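K.L.:
What follows is a structure written as C-alpha coordinates; I'll ask about it next.
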Amino acid sequence: MMKLRVLLWVVAASQLVLGTLTLLAPTQFFLIMGLSAPSADNKYMLGMLAARFLAYGFAFVALARAKTPDASWIRNMVLVQLIDFGVGLFYVVSGIIGPAVAVFPMFNATVFATLLWLWQPRNSTLATEASARLG
(Lines give C-alpha, C1' and ligand atoms only; values in the text may rest on other atoms or scores of the structure.)
Protein backbone atom coordinates (compact mmCIF):
# COMPACT_ATOMS: atom_id res chain seq x y z
CA MET A 1 0.00 0.00 0.00
CA MET A 2 2.94 2.33 0.65
CA LYS A 3 4.13 2.20 -2.97
CA LEU A 4 0.58 3.00 -4.14
CA ARG A 5 0.45 6.02 -1.81
CA VAL A 6 3.75 7.32 -3.17
CA LEU A 7 2.46 6.85 -6.73
CA LEU A 8 -0.79 8.65 -5.86
CA TRP A 9 1.24 11.60 -4.51
CA VAL A 10 3.35 11.65 -7.70
CA VAL A 11 0.24 11.62 -9.90
CA ALA A 12 -1.33 14.34 -7.74
CA ALA A 13 1.78 16.50 -8.05
CA SER A 14 1.95 16.02 -11.83
CA GLN A 15 -1.69 17.03 -12.24
CA LEU A 16 -1.31 20.05 -9.97
CA VAL A 17 1.78 21.23 -11.86
CA LEU A 18 0.07 20.72 -15.24
CA GLY A 19 -3.00 22.58 -13.99
CA THR A 20 -1.07 25.47 -12.51
CA LEU A 21 1.13 25.98 -15.58
CA THR A 22 -1.79 25.60 -18.00
CA LEU A 23 -3.85 28.11 -16.01
CA LEU A 24 -1.24 30.73 -15.10
CA ALA A 25 1.36 30.54 -17.88
CA PRO A 26 -0.06 28.69 -20.89
CA THR A 27 2.08 30.43 -23.51
CA GLN A 28 5.35 29.91 -21.67
CA PHE A 29 4.39 26.32 -20.76
CA PHE A 30 3.58 25.44 -24.37
CA LEU A 31 6.83 26.96 -25.63
CA ILE A 32 8.89 25.09 -23.01
CA MET A 33 7.19 21.86 -24.10
CA GLY A 34 8.16 22.54 -27.74
CA LEU A 35 4.63 23.35 -28.89
CA SER A 36 3.33 26.42 -30.69
CA ALA A 37 2.08 29.24 -28.49
CA PRO A 38 -1.69 29.04 -28.09
CA SER A 39 -3.75 31.83 -29.59
CA ALA A 40 -5.47 34.19 -27.18
CA ASP A 41 -8.91 32.66 -27.72
CA ASN A 42 -7.59 29.11 -27.17
CA LYS A 43 -6.48 30.13 -23.69
CA TYR A 44 -10.15 30.08 -22.69
CA MET A 45 -10.34 26.33 -23.40
CA LEU A 46 -6.96 25.83 -21.76
CA GLY A 47 -8.30 27.50 -18.61
CA MET A 48 -11.10 24.94 -18.53
CA LEU A 49 -8.59 22.13 -19.10
CA ALA A 50 -6.50 23.52 -16.24
CA ALA A 51 -9.53 23.25 -13.95
CA ARG A 52 -9.73 19.54 -14.69
CA PHE A 53 -6.00 19.00 -14.10
CA LEU A 54 -6.31 20.80 -10.77
CA ALA A 55 -9.45 18.88 -9.77
CA TYR A 56 -7.74 15.56 -10.53
CA GLY A 57 -4.68 16.72 -8.61
CA PHE A 58 -6.70 17.54 -5.50
CA ALA A 59 -8.66 14.28 -5.86
CA PHE A 60 -5.41 12.32 -5.93
CA VAL A 61 -4.18 14.16 -2.84
CA ALA A 62 -7.35 12.92 -1.11
CA LEU A 63 -6.79 9.40 -2.48
CA ALA A 64 -3.19 9.38 -1.25
CA ARG A 65 -4.40 10.34 2.22
CA ALA A 66 -7.34 7.90 2.29
CA LYS A 67 -7.20 4.74 4.37
CA THR A 68 -8.33 2.74 1.33
CA PRO A 69 -8.09 4.68 -1.94
CA ASP A 70 -11.12 4.30 -4.19
CA ALA A 71 -10.17 2.11 -7.15
CA SER A 72 -12.77 3.71 -9.44
CA TRP A 73 -10.84 7.01 -9.31
CA ILE A 74 -7.62 5.13 -9.97
CA ARG A 75 -9.11 3.28 -12.96
CA ASN A 76 -10.41 6.61 -14.27
CA MET A 77 -6.85 7.99 -14.19
CA VAL A 78 -5.61 4.84 -15.97
CA LEU A 79 -8.10 5.67 -18.73
CA VAL A 80 -6.87 9.28 -18.86
CA GLN A 81 -3.27 8.06 -19.18
CA LEU A 82 -4.16 5.58 -21.93
CA ILE A 83 -5.94 8.32 -23.88
CA ASP A 84 -2.94 10.63 -23.32
CA PHE A 85 -0.66 7.95 -24.76
CA GLY A 86 -2.95 7.37 -27.75
CA VAL A 87 -3.20 11.07 -28.52
CA GLY A 88 0.57 11.42 -28.32
CA LEU A 89 1.04 8.45 -30.63
CA PHE A 90 -1.49 9.83 -33.13
CA TYR A 91 0.17 13.25 -33.30
CA VAL A 92 3.68 11.79 -33.59
CA VAL A 93 2.69 9.26 -36.29
CA SER A 94 0.83 11.96 -38.25
CA GLY A 95 3.93 14.16 -38.13
CA ILE A 96 2.21 17.06 -36.38
CA ILE A 97 4.64 16.91 -33.45
CA GLY A 98 8.05 15.34 -33.19
CA PRO A 99 8.90 12.41 -30.94
CA ALA A 100 11.03 14.69 -28.75
CA VAL A 101 7.90 16.66 -27.79
CA ALA A 102 5.85 13.57 -26.92
CA VAL A 103 8.37 11.12 -25.48
CA PHE A 104 8.28 12.39 -21.88
CA PRO A 105 4.47 12.68 -21.60
CA MET A 106 3.98 9.33 -23.35
CA PHE A 107 6.53 7.66 -21.08
CA ASN A 108 4.79 9.11 -18.01
CA ALA A 109 1.40 7.97 -19.30
CA THR A 110 2.73 4.43 -19.79
CA VAL A 111 4.34 4.27 -16.34
CA PHE A 112 1.37 5.85 -14.53
CA ALA A 113 -1.22 3.68 -16.29
CA THR A 114 0.73 0.48 -15.71
CA LEU A 115 1.57 1.08 -12.05
CA LEU A 116 -1.87 2.47 -11.15
CA TRP A 117 -3.48 -0.60 -12.73
CA LEU A 118 -1.15 -3.06 -11.03
CA TRP A 119 -1.21 -1.39 -7.61
CA GLN A 120 -4.89 -0.37 -7.40
CA PRO A 121 -6.81 -1.63 -4.38
CA ARG A 122 -8.73 -4.77 -5.23
CA ASN A 123 -11.50 -4.13 -2.69
CA SER A 124 -12.83 -0.96 -4.28
CA THR A 125 -15.89 0.98 -3.21
CA LEU A 126 -17.34 0.43 -6.68
CA ALA A 127 -16.95 -3.35 -6.46
CA THR A 128 -18.42 -3.40 -2.98
CA GLU A 129 -21.44 -1.35 -4.04
CA ALA A 130 -22.03 -3.48 -7.14
CA SER A 131 -21.80 -6.64 -5.06
CA ALA A 132 -24.29 -5.27 -2.52
CA ARG A 133 -26.78 -4.42 -5.28
CA LEU A 134 -26.51 -7.86 -6.84
CA GLY A 135 -26.57 -9.78 -3.57
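The values are calculated or read from the model by the stated rules, or taken from the named source; none is laboratory data. If you're wondering where the values come from, they're calculated on a predicted model, not measured in any experiment. Because the Cβ atoms are built from the backbone with ideal geometry, glycine has one as well, and the counts that use them run over all protein chains shown.
K.L.:
Can you pull out every residue in region 30-64 that is under 13 Å from residue 15 (Cα atoms) and among the hydroxyl-bearing types (Ser, Thr, Tyr)?
P.N.:
Correct list: 56 only.
K.L.:
Given the condition in contact (Cβ under 8 Å) with a residue 24 or more places away in the chain and more than 21 Å from residue 122 (Cβ to Cβ), answer yes or no: does some residue in region 85-92 qualify? I'd like the intermediate steps shown before the answer.
P.N.:
Going through region 85-92, the residues in contact (Cβ under 8 Å) with a residue 24 or more places away in the chain turn out to be 85.
Filter once more, keeping what is more than 21 Å from residue 122 (Cβ to Cβ): 85.
Checking region 85-92: at least one residue is in contact (Cβ under 8 Å) with a residue 24 or more places away in the chain and more than 21 Å from residue 122 (Cβ to Cβ).
K.L.:
Please go through region 27-71 and pick out each residue that is surrounded by fewer than 13 Cβ atoms within 10 Å (Cβ to Cβ) and either of a type in the set (Ser, Thr, Tyr) or at positive phi (or both).
P.N.:
Answer for region 27-71, where residues must be surrounded by fewer than 13 Cβ atoms within 10 Å (Cβ to Cβ) and either of a type in the set (Ser, Thr, Tyr) or at positive phi (or both): 34, 36, 39, 44, 68.
K.L.:
With respect to residue 83, is the statement that it is over 18 Å from residue 1 (Cα atoms), at pLDDT 95 or above and within 15 Å of the chain's Cα centre (by Cα) true?
P.N.:
Details: over 18 Å from residue 1 (Cα atoms): yes; at pLDDT 95 or above: yes; within 15 Å of the chain's Cα centre (by Cα): yes.
So residue 83 passes the test.
K.L.:
Look at residue 20 and say whether it is among the polar types (S, T, N, Q), in contact (Cβ under 8 Å) with a residue 24 or more places away in the chain, farther than 16 Å from residue 111 by Cβ and not in a loop (DSSP other than H, G, I, E, B). Spell out the reasoning first.
P.N.:
Values: among the polar types (S, T, N, Q): yes; in contact (Cβ under 8 Å) with a residue 24 or more places away in the chain: yes; farther than 16 Å from residue 111 by Cβ: yes; not in a loop (DSSP other than H, G, I, E, B): yes.
Considered against the rule, which asks whether it is among the polar types (S, T, N, Q), in contact (Cβ under 8 Å) with a residue 24 or more places away in the chain, farther than 16 Å from residue 111 by Cβ and not in a loop (DSSP other than H, G, I, E, B), residue 20 comes out as yes.
K.L.:
Among the residues of region 96-119, write down those that are surrounded by 12 or more Cβ atoms within 10 Å (Cβ to Cβ) and not in a helix (DSSP H, G or I).
P.N.:
97
K.L.:
Restricting to region 35-77, count the residues that are under 11 Å from the mean Cα position of the chain (by Cα) and among the polar types (S, T, N, Q).
P.N.:
So the answer is 1.
K.L.:
In this structure, is residue 124 small (Gly, Ala, Ser), modelled with pLDDT under 95 and more than 16 Å from the chain's Cα centre (by Cα)? First the steps, then the outcome.
P.N.:
On the way: small (Gly, Ala, Ser): yes; modelled with pLDDT under 95: yes; more than 16 Å from the chain's Cα centre (by Cα): yes.
So residue 124 passes the test.
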